[in-house]
Amino acid sequence: MLVMDQNVKKSKCVFMDRDGVLNEEIGRHILTIEEFVIPEDVPNGLKRLKEAGYRLVVVTNQSGIARGYYDDKLVDDCHDLLQQACDHAIDQFYYAPLVDSVSKSLMRKPDSLMFEKGIAKFNVDANASWMIGDKERDLVPAKKLGIKRIQIMALVEESELAEHRVHTFTEAVDLILNTDQG
Ligand SMILES: [Mg+2]
């Protein structure tokens, strides 16, 4: 029988949406690697969070795969580029390739399965963790799971589910580190 060790220390995690958070929002699906543009401040922000002891988990809807706009390889290539830029600070990428018109999926935000996978894999304390997203559907699963919520204002409307609103990734990182470390 598998016995869970109750004394194992849980980890804290920063969950992050991808488009509009880690790469520039272009107002439609990313169709080529050239369109995947990482803002200058993102790699350093990821490294600062990593050094502060957070697990870093990307949770991204990529329904363009089910819609036939691009394939898994483009998604993997974009994520490789991001990892190279931040010295492999990111622990895990989850992406949801489906869309309701093709097949319903609990992976796709606003459902929460991608978050739950990360919580299980890294033994995450949800209440000590954060989500950085730009759309309301990023924040819905975070609220459901008790994860703190930051909205980056890209090309989107304010979400009432946001506990904090910022305009850059660096501001989000500063907010997390200042809040948790005082
Ligand atoms: Mg987004």
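The values are calculated or read from the model by the stated rules, or taken from the named source; none is laboratory data. The structure displayed is predicted, hence computed values, not measured ones. Methodologically, a virtual Cβ is constructed for each residue, glycine included, from the backbone with ideal geometry; neighbour enumeration extends over all protein chains shown.
Some observations on this one:
- Residues that are touching a strand residue (DSSP E or B) at 6+ places or on another chain (Cβ under 6 Å) and over 22 Å from Phe115 (Cα atoms) within the range 38-60 comprise just one, Ile38.
- Test result for Leu46, touching a residue at least 12 places away in the same chain (Cβ under 8 Å) and either among the hydroxyl-bearing types (Ser, Thr, Tyr) or under 14 Å from Ala89 (Cα atoms) (or both): yes
- Filter result for Ile26 (within 15 Å of the ligand (Cβ to nearest atom), over 15 Å from the mean Cα position of the chain (by Cα), surrounded by 14 or more Cβ atoms within 10 Å (Cβ to Cβ) and at pLDDT below 95): yes
- Screening the range 141-154 for residues that are surrounded by fewer than 20 Cβ atoms within 10 Å (Cβ to Cβ) and within 13 Å of the ligand (Cβ to nearest atom) and picking the one that is nearest to Gln62 (Cα to Cα) gives Ala154.
- Tally, over the range 41-63, of residues that are more than 14 Å from the chain's Cα centre (by Cα) and either among the small types (Gly, Ala, Ser) or within 16 Å of the ligand (Cβ to nearest atom) (or both): 3
- Among the residues here, Tyr69 qualifies as over 17 Å from Gln151 (Cα atoms), more than 13 Å from the ligand (Cβ to nearest atom) and surrounded by fewer than 17 Cβ atoms within 10 Å (Cβ to Cβ).
- With respect to the conditions (1) crowded, with 18+ Cβ neighbours inside 10 Å; (2) in contact (Cβ under 8 Å) with a residue 60 or more places away in the chain, Met114 falls short on a single one, namely (2).
- Residue match in the range 171-182 (condition: surrounded by fewer than 16 Cβ atoms within 10 Å (Cβ to Cβ), outside any helix (DSSP H, G or I) and free of Cβ contacts under 8 Å to residues at least 12 places away in the same chain): yes
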